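Student: Here it is, the structure, as structure tokens.
The values are calculated or read from the model by the stated rules, or taken from the named source; none is laboratory data. Source: prediction; values computed, not measured. Here the Cβ is made from the backbone with ideal geometry for all residues, glycine too, and neighbour counts use every protein chain on show.
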Amino acid sequence: MFGDFQCPFCLGAQSVIRRVRERLGERLVFAFRHLPIPERHPLAPMAAQASEAAAAQGHFWEYHDALFQAQPKLSRKTMIAVAKDLGLDADRLAAEIDAEAHTERIARDIASAEASGATGTPTFFANGVRLYGAYDASSLVEALEK
């Protein structure tokens, strides 16, 4: 999935992804790739930095889930509070956000999105094939099981 932490459609997709993960269990390898769209979501690049700072502390997925839950009140302060709530080094996370320490990693994801034709979020791929149209748990599971 190419996603943007400030995108309301990406937030809506989280419950679908949860159901797909439950159905497929260990058979599923799920990857989140950054595609912040700052023209529509000005905090998305900072949120991508924050999530990668959490990843550097070994807690990407916990932070990913918590940040999407906090999306309606997304701000720099919220990003740091989420880190604190998860027991991460919030000062380190804040410093990495400010230094834009993970720009190269995020830029690789954006380049990958551009190369694959993903221009909006969320964009899903199943087994290397881009999925078009509506995404619900059943259609995603079906595409993944092909």
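Student: Just checking, which of G120, G58 is more than 16 Å from V20 (Cβ to Cβ), surrounded by fewer than 13 Cβ atoms within 10 Å (Cβ to Cβ) and out of contact with any strand residue (DSSP E or B) (no Cβ under 7 Å at 6 or more places or on another chain)?
Tutor: Sole residue among the options that is more than 16 Å from V20 (Cβ to Cβ), surrounded by fewer than 13 Cβ atoms within 10 Å (Cβ to Cβ) and out of contact with any strand residue (DSSP E or B) (no Cβ under 7 Å at 6 or more places or on another chain): G58.
Student: Do you know which of the residues in region 63-102 that are among the hydroxyl-bearing types (S, T, Y) and over 18 Å from L35 (Cβ atoms) is surrounded by the most Cβ atoms within 10 Å (Cβ to Cβ)? First the steps, then the outcome.
Tutor: In the first step, residues of region 63-102 are kept if they are among the hydroxyl-bearing types (S, T, Y); the result is 63, 75, 78.
From what's left, over 18 Å from L35 (Cβ atoms): 75, 78.
On the way: S75: 12, T78: 18.
If we take residues in region 63-102 being among the hydroxyl-bearing types (S, T, Y) and over 18 Å from L35 (Cβ atoms), then T78 is surrounded by the most Cβ atoms within 10 Å (Cβ to Cβ).
Student: Which ones in region 1-54 are of a type in the set (G, A, S) and either free of Cβ contacts under 8 Å to residues at least 24 places away in the same chain or under 17 Å from R130 (Cα atoms) (or both)?
Tutor: Let us first name the residues in region 1-54 that are of a type in the set (G, A, S), namely 3, 12-13, 15, 25, 31, 44, 47-48, 50-51, 53-54.
Passing the criteria: G3, G12, A13, S15, G25, A31.
Student: Separate question: Restricting attention to region 123-140, and to residues there that are under 19 Å from L11 (Cα atoms) and among the aliphatic types (A, V, I, L, M), which single residue is surrounded by the fewest Cβ atoms within 10 Å (Cβ to Cβ)? Don't jump to the end; show me each part of the working.
Tutor: First pass over region 123-140, keeping only residues under 19 Å from L11 (Cα atoms): 123-125, 131-140.
With among the aliphatic types (A, V, I, L, M) added as a condition, the list becomes 131, 134, 137, 140.
Values: L131: 16, A134: 7, A137: 17, L140: 23.
Among residues in region 123-140 that are under 19 Å from L11 (Cα atoms) and among the aliphatic types (A, V, I, L, M), the one surrounded by the fewest Cβ atoms within 10 Å (Cβ to Cβ) is A134.
Student: Hey, can you tell me all the residues within region 15-48 that are assigned to a loop (DSSP other than H, G, I, E, B) and farther than 15 Å from P122 by Cα? Give the derivation first.
Tutor: Let us first name the residues in region 15-48 that are assigned to a loop (DSSP other than H, G, I, E, B), namely 28-32, 35-43.
L28, V29, E39, P42, L43 - these are the residues of region 15-48 that are assigned to a loop (DSSP other than H, G, I, E, B) and farther than 15 Å from P122 by Cα.
Student: Sticking with this one: Working only within region 101-146, note down all residues that are at pLDDT below 95 and polar (S, T, N, Q).
Tutor: Residues satisfying the conditions are T119, N127, S138, S139.
Student: Same structure, new question: If A48 satisfies all but one of (1) in contact with an Asp or Glu (Cβ under 7 Å, 6 or more places away or on another chain); (2) among the aliphatic types (A, V, I, L, M); (3) closer than 14 Å to C10 by Cα, what's the number of the condition it fails?
Tutor: All conditions pass for A48, except number (1).
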